[in-house]
Structure formats: C-alpha cells, structure tokens
Amino acid sequence: MRLRDVLICCLLVRVAGAQELPPLGELYASIDSFYAAEVHANLLEFREDRKGEWLKYVPNVGLTYTVAGDPRPSVSFNTGILYQAKRDKQRNAARRRSIEEKGGLQAAHARGRVAKLYASYLLKQEALSARRELLSIDEQLFRMEEDRYRQEEISPGDFLNAKRGWLVKQQAVEDLKMELELLRQEILVESFRMGR
C-alpha cells in the first residue's frame, strides 16, 4: 500500500461526510503556488554573496629573481580567472533557468492530472445522482414486495430475494459514495490542498 493511499484512508476516517471540492481554478492556483515555492527554495542555492568578489580579480604581486639573482618585484594576472568567472556565471544562469522550467513543467503536469481526476469526479457525481434516483424507485418496489409478503401473497424465499436485491443496490450506492470520497481526497492530495 502506498503512502498516499494510507494518507487518504486516514483522512477518510477524519472526514465524516463528503464535502464538495473547491473549483478547479483554486486547485490550479494551489498547484502553482506549491511549485513556485519549490522553485524558490531550489533557487536559494544560487544566492550569491558578492562581498569580496573583487578579490579574485586582484593581480598577484610577488618577487621574482633576475638571471643574475637580483630580486625584482613582479605583478601577474591570470586571464583564466576571468574566463572561469564568466563560465560559472553562465552555468549558474542556465541552472536557474532549468530549475524554473522544470518547476513550470511539473506544475503543468500536476494540473493535467488534477483536471483528469476532477472530470472523473464530476462524472461519478452524475452517476451517483442517477443511482440515487434508481434507488428511490427500487425502494418503492421493495416496499410493495414487503406489503405483498405481509399479506402472504409471496413466499418467504421471494421476499428474501427482493430484500437481498434491495440491499445489494443500497450497497452499490454506498460503494460509489466511497469511491467518490476517495477520488475527492486524491484530488486534494494531488493539488496540495490537504489540511485546508
């Protein structure tokens, strides 16, 4: 059993009645907010402290000796430092863009998953509504069978078959309600709305 499934089951115990889902736009906003925060957290790595940056461009001052062995001051500058600094700056900029692009793609992918789950949720809600209407009719039919049984117009076996059919239809509606609640919880998990 996956961790997400365990979380969903725990939340079902906590949530007594089925609640409605927030509008799809709010779910998308929650997803975008989560991934924006994740991108921001990942970009913190690239915050640079520019204090003392100029020190790497200071030329090296030293002492060299002539062929005759006399000391002489010398100044040298390594152009490789300039190249390395430019390359590091470009690499960091590319990594920042990569993090931002990945965050955007992950958010788009999550919005797609949530949209698919949301559509499934709406379809199951319609199916539940239709099943409840049918259940209402089935209840009336069962009550008629119950009356016929009391009046001894049908046998106990026929009555038990009618009662069994009625209970199976009730259970089917309850199962669909549970599926709907599981789907609602999955949508909330996928859109980072748990606890709201």
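The values are calculated or read from the model by the stated rules, or taken from the named source; none is laboratory data. These figures come from a predicted structure and were not determined experimentally. Every residue, glycine as well, gets a Cβ built from its backbone with ideal geometry; the counts of neighbours run over all protein chains shown.
List of remarks:
- Output for the range 98-138, where each listed residue is among the acidic types (Asp, Glu) and within 21 Å of the chain's Cα centre (by Cα): 100, 101
- Among (1) exposed (fewer than 15 other Cβ atoms within 10 Å of the Cβ); (2) aliphatic (A, V, I, L, M); (3) touching a Ser or Thr at 6+ places or on another chain (Cβ under 9 Å), the one test that residue 178 misses: (3)
- A single member of 58, 114 is of a type in the set (Val, Ile, Thr) and under 27 Å from residue 20 (Cα atoms), and it is 114.
- Test result for residue 85, within 30 Å of residue 185 (Cα to Cα) and not polar (S, T, N, Q): no
- Any hit, the range 59-76, residues being modelled with pLDDT of 85 or more and surrounded by 12 or more Cβ atoms within 10 Å (Cβ to Cβ): no
- For beta carbons closer than 6 Å, sequence separation of 6+ or different chains, a first residue in the range 175-195 that is among the aromatic types (Phe, Trp, Tyr) and a second that is assigned to a helix (DSSP H, G or I), the qualifying pairs are 192/30; 192/34.
- Test: residue in the range 138-156 that is under 30 Å from residue 29 (Cα atoms) and in a helix (DSSP H, G or I): no
- Considering only residues in the range 93-128 that are surrounded by 13 or more Cβ atoms within 10 Å (Cβ to Cβ) and among the basic types (Lys, Arg), the one that is nearest to residue 182 (Cα to Cα) turns out to be 124.
- Residue within the range 79-91 that is among the hydroxyl-bearing types (Ser, Thr, Tyr) and surrounded by fewer than 11 Cβ atoms within 10 Å (Cβ to Cβ) present: yes
- Summed over the range 1-28, residues that are assigned to a helix (DSSP H, G or I), surrounded by 14 or more Cβ atoms within 10 Å (Cβ to Cβ) and modelled with pLDDT of 50 or more total 3.
- Residue pairs whose Cβ atoms lie under 8 Å apart, separated by 6 or more positions or on different chains, with the first residue in the range 96-123 and in a helix (DSSP H, G or I) and the second of a type outside the set (Ser, Thr, Tyr) and loosely packed, with under 14 Cβ neighbours inside 10 Å, are 96/46.
- Residues in the range 68-95 that are free of Cβ contacts under 8 Å to residues at least 24 places away in the same chain and in a helix (DSSP H, G or I): 79, 80, 83, 84, 86, 87, 88, 89, 90, 91, 93, 94.
- When residues in the range 138-196 are screened for being of a type in the set (Val, Ile, Thr) and closer than 30 Å to residue 35 by Cα, 2 of them pass.
- Residue in the range 38-50 that is at pLDDT 90 or above, under 17 Å from the mean Cα position of the chain (by Cα), within 30 Å of residue 193 (Cβ to Cβ) and not in a helix (DSSP H, G or I) present: no
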